[in-house]
């Protein structure tokens, strides 16, 4: 009997944690009605059993069908802003998540994510090139390019990349150019990622940002230097270089005589160093992808970037037959730390998968009749059809549609993060979470999919046991008229 009461208490604590996190967003909304719809949508995204649009939330939360139009209107409402949701969510993560710290700095992960979309009148859709070895992916697609920032949280047994923010970063420059108030949205995808990371670094203090090799560029390093000079926050980058990368030794002291001092020294093709300096490699044991691995490495501080010549720490890594060149702007990090850190970068890919398959984060269907129809055969250099949109009413409708897309994804980001927080907090305290048959079950922390299924089966029972919570009252107020004995039946 005591054990049953214990597990019921744990279940109630799970709902109370959800309630506490969601209530922290109240200040983001100028109207109570908008806040209530935010709560309903986030919980609905967490528990819905299919990804067939907003109607799936109506079905799985047993909402009154007449509320469908109100939910659609929420995404275009002026009662909230994307930036306020972002800052509130980052504060909630800082408060509730067991974050990973390396030398007193949190670990951020950034990457781009391409989502295929066929909407002819959907803002931001453009032709995108996909670099992938997966033969099931087309080389070119029409769709949206999102930039995402996440943060590592969890335990040594399992680390999650909690998503912090996602927004469209390509195909929307013309739309934001209408107002002139969003100059940061005019920058390239690479620069916008650095700017996003600085926003997070201001909330969490110092941060290390993990990026893949696409983001090692001169504009990214220049924006990083500008942010450091402006005091936007302490931010360092750990990334990867291409195998054809070229670096430079430090310049020799200037010889007496006329002429400016040299900016660089001898040119080095980094890939050649695997052979020419093979005897200088050291061996170290590091944890990569959750396993203890032995790798050999060579650590060098060299100048990089034609015309920039910034000093970076390069770590040449040999792991079996695989060769990699890792890079860090932080010259105080040890080579083993850089290798282990870059191994965490793939966590954001796992988060993208869960957002797609469990939450259905990219199943939005927002479009506008004011949007010029997508021309699939427009050549490079031809004017953007959006430049022909001059009517202010049409422009406003397009902006609201774009806002709806990014708002839906931001709600999905929060839903994904809450599910991950529940997995981290309650996996060791709730044996009922291990109810599903899995061929390779988790020994410590369950997956996002398991939490979602558990909530789907238990949510109404938890509502009946916690009728006083704001979360319970908000969702019940939107449901169909219930049978008077519904509480007793649910319990």
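Things to note:
- Residue 97 touching a helix residue (DSSP H, G or I) at 6+ places or on another chain (Cβ under 8 Å), under 20 Å from residue 470 (Cβ atoms), touching a residue at least 24 places away in the same chain (Cβ under 8 Å) and surrounded by 15 or more Cβ atoms within 10 Å (Cβ to Cβ): no
- Of all the numbered requirements in (1) under 14 Å from the mean Cα position of the chain (by Cα); (2) surrounded by 14 or more Cβ atoms within 10 Å (Cβ to Cβ); (3) in a helix (DSSP H, G or I), residue 362 misses one, and that requirement is (3).
- Strands (runs of 3 or more DSSP E) contained in the range 59-166 and holding at least 1 residues at pLDDT 95 or above: 105-116, 140-155
- Residue check for residue 404: modelled with pLDDT of 95 or more and either surrounded by fewer than 20 Cβ atoms within 10 Å (Cβ to Cβ) or under 30 Å from residue 457 (Cα atoms) (or both): yes
- Sole residue being within 30 Å of residue 21 (Cβ to Cβ), touching a strand residue (DSSP E or B) at 6+ places or on another chain (Cβ under 6 Å) and in contact (Cβ under 8 Å) with a residue 60 or more places away in the chain, chosen from 327, 409, 358: 409
- Being loosely packed, with under 15 Cβ neighbours inside 10 Å, under 30 Å from residue 287 (Cα atoms) and either modelled with pLDDT under 95 or within 28 Å of the chain's Cα centre (by Cα) (or both) holds for only one residue in 332, 351, and it is 332.
- Scanning the range 226-251 for residues that are exposed (fewer than 14 other Cβ atoms within 10 Å of the Cβ) and either outside any loop (DSSP other than H, G, I, E, B) or modelled with pLDDT of 85 or more (or both) turns up 229, 230, 242, 243, 244.
- Flag if residue 257 is outside any strand (DSSP E or B), without any contact (Cβ under 8 Å) to a residue 40 or more places away in the chain and either farther than 20 Å from residue 335 by Cα or touching a strand residue (DSSP E or B) at 6+ places or on another chain (Cβ under 9 Å) (or both): yes
The values are calculated or read from the model by the stated rules, or taken from the named source; none is laboratory data. Fair warning: this is a prediction, and the values are worked out from it, not measured in the lab. Ideal geometry is used to build each Cβ from the backbone, glycine not excepted, and the neighbour counts take in all protein chains shown.
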